[in-house]
Amino acid sequence: MKPKKLSTESYKGVRDFYPQDQFLQNYILGVMKKVVERFGYVEYSASILESAELYRGKTSEEIVNEQTYTFTDRGEREVTLRPEMTPTIARMIAGKRHELPFPLRWFSIPNVFRYERPQRGRLREHWQLNADLFGVTGIEADVEIISLAAAIMREFGANEDDFEIRINDRETLREKFKDKELIKLLDRKDKMEEKDFIEAWKKISDKMPDWTIEPGKKVSDVSEILEKRGVKTVFAPTLVRGFDYYTGIIFEVFDKNPKNNRSLFGGGRYDNLLELFDESPIPAVGFGMGDVTIRDFLELRGLLPTYRPSTQVYLVPVAEVDMNAVLEVASELRKRGVNVAVDLTDKKVGDKIKLADKNSIPFAVFVGEAEISSGIYKCKDLKTHSEQSLSIEEIAKSVKNL
Ligand code: HAM
């Protein structure tokens with residue numbers, strides 16, 4: 001019997017990024033990075049692996065009990081593939097709290113892992129921009145973080161009416177509902193049938209749910225300042241956000257298109273998380289923005305760019321030209337910063353051009369004996385089909401303008 005062939009499918013819930021996908025991924029993460037850097041955030045990074053105990057008790061029961069990838073290593077240590085970045089950054093900051101110059105603005109775009117049922121907008125591995133501001137107690141920090149979230153949306157080309165920023169305050173929730181179980185239930189409200197929700201509610205509370213809640217002073221103040229800066233927010237009394245560590249203002253950005261009516265990303269204030277490592281807390285506020293939900297958002301609105309490979313020039317040897325001379329031309333172009341792929345096939349010239357076109361390479365340069373002796377090369381713009389004869393210097397210049 002022949003051995004069974006392996007499947008070419010990737011592991012459930014994770015993605016392969018073929019060049020076209022990687023291009024979009026680079027675009028999305030690139031926009032995120034550009035905007036956070038504009039706001040003065042600097043990049044940090046850490047390992048995917050964390051000790052499992054980092055997540056126990058202080059983050060989210062659902063994530064820790066049902067969604068982490070945890071295994072025991074060869075030294076009997078329990079290890080978790082990070083399901084989020086917040087405990088990691090808290091650990092890193094706590095570790096150097098006496099040396100670090102607060103306030104700190106840090107960002108990272110890690111891949112994180114959650115054992116969820118894969119569905120639209122939810123996968124088992126995603127990349128997540130984390131932007132966090134440490135060391136500021138006042139609402140200026142909450143305002144900055146929400147402005148930053150809105151600025152990223154605008155940089156992607158989104159209109160104000162494409163999305164809605166919902167905002168609430170954990171403190172108001174605690175005062176109003178007191179019981180932690182009620183708040184947890186509230187967090188699951190949108191995933192439940194109304195009658196099931198009310199039934200579960202009655203089991204915990206003798207009062208019926210009542211959403212006639214006024215925004216607290218913090219929510220009003222933050223919203224007012226943001227409004228003045230052109231960022232609209234909506235008070236959302238039932239917004240909870242899953243993690244236990246949030247202590248104050250929380251927010252979530254929602255897609256308003258009915259086809260993708262879901263939370264795109266969110267965050268909030270978590271002033272006590274660093275107590276896990278030390279006696280004294282450090283105020284913190286930040287958010288996590290996933291690549292999957294934003295990609296759906298952009299796709300739905302035609303806001304994703306068309307694919308362009310990083311290769312700028314396809315070098316096409318013509319007739320019996322000496323390959324060493326062709327490679328020399330490639331070197332000269334590369335020295336000038338041009339990304340060059342050399343055709344290595346024995347196809348006809350027309351088919352070589354087709355190959356370049358199929359790979360979306362924008363520019364073909366033909367190299368034959370005549371070109372090598374004159375130093376002037378026939379070139380073809382594969383989009384406009386226009387042809388010109390150019391020197392190496394001119395090729396380098398015109399490729400940069402493409
Ligand atoms: P989170 O709401 O769990 O927050 O995740 C942030 C974002 O990551 C989500 O809004 C969504 O865009 C994306 N995301 C989460 N899970 C998945 C999934 N399974 N598949 C695809 N995308 C997903 C946090 O993780 C907090 N640590 C964020 C934070 C940073 N708060 C303060 N600083």
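Which one of these is more than 25 Å from Val35 (Cα to Cα) and among the aliphatic types (A, V, I, L, M): Ala90, Ala141, Ala94? So that I can check it myself, show each step before the final result.
Values: Ala90 fails: more than 25 Å from Val35 (Cα to Cα); Ala141 fails: more than 25 Å from Val35 (Cα to Cα).
Every option except Ala94 fails the conditions.
Would a scan of the stretch 190-202 turn up a residue that is within 16 Å of the ligand (Cβ to nearest atom) and closer than 30 Å to Ile28 by Cβ? Yes: one or more hits. Here Ser280, Ser310 are screened, and the one residue that is hydroxyl-bearing (Ser, Thr, Tyr) and within 30 Å of Leu390 (Cβ to Cβ) is Ser310.
Restricting the stretch 252-291 to residues that are of a type in the set (Phe, Trp, Tyr) and either under 17 Å from Asn159 (Cα atoms) or open to solvent by 10 Å² or more (accessible area, probe 1.4 Å) (or both), which is nearest to the ligand (Cβ to nearest atom)? Give the steps one after another, and end with the answer.
Of the residues in the stretch 252-291, the ones of a type in the set (Phe, Trp, Tyr) are 254, 265, 270, 277, 287.
Checking which are either under 17 Å from Asn159 (Cα atoms) or open to solvent by 10 Å² or more (accessible area, probe 1.4 Å) (or both) leaves us with 254, 265, 277.
Numbers: Phe254: 10, Phe265: 4, Phe277: 17 Å.
Here the answer is Phe265.
Every listed requirement among (1) open to solvent by 20 Å² or more (accessible area, probe 1.4 Å); (2) away from the ligand (no atom under 16 Å from the Cβ); (3) out of contact with any helix residue (DSSP H, G or I) (no Cβ under 6 Å at 6 or more places or on another chain); (4) charged (D, E, K, R) is met by Glu299 save one, (2).
Considering only residues in the stretch 88-124 that are β-branched (Val, Ile, Thr) and more than 10 Å from the ligand (Cβ to nearest atom), the one that is nearest to Leu49 (Cα to Cα) turns out to be Ile109. Based on this model, can you work out whether Lys354 counts as in a loop (DSSP other than H, G, I, E, B) and loosely packed, with under 15 Cβ neighbours inside 10 Å? Spelling it out, it is not the case that Lys354 is in a loop (DSSP other than H, G, I, E, B) and loosely packed, with under 15 Cβ neighbours inside 10 Å.
Residues that are touching a residue at least 12 places away in the same chain (Cβ under 8 Å) and either open to solvent by 70 Å² or more (accessible area, probe 1.4 Å) or of a type outside the set (Ser, Thr, Tyr) (or both): which strands (runs of 3 or more DSSP E) entirely in the stretch 35-98 hold 3 or more of them?
Numbers: elements: 49-51, 69-72, 78-81.
The qualifying strands (runs of 3 or more DSSP E) are 78-81.
The values are calculated or read from the model by the stated rules, or taken from the named source; none is laboratory data. All values reported here derive from a predicted model rather than from experimental measurement. Ideal geometry is used to build each Cβ from the backbone, glycine not excepted, and the neighbour counts take in all protein chains shown. Surface accessibility is based on the protein's heavy atoms, side chains included, excluding ligands, DNA and RNA. Shrake-Rupley method; radii C 1.70, N 1.55, O 1.52, S 1.80 Å.
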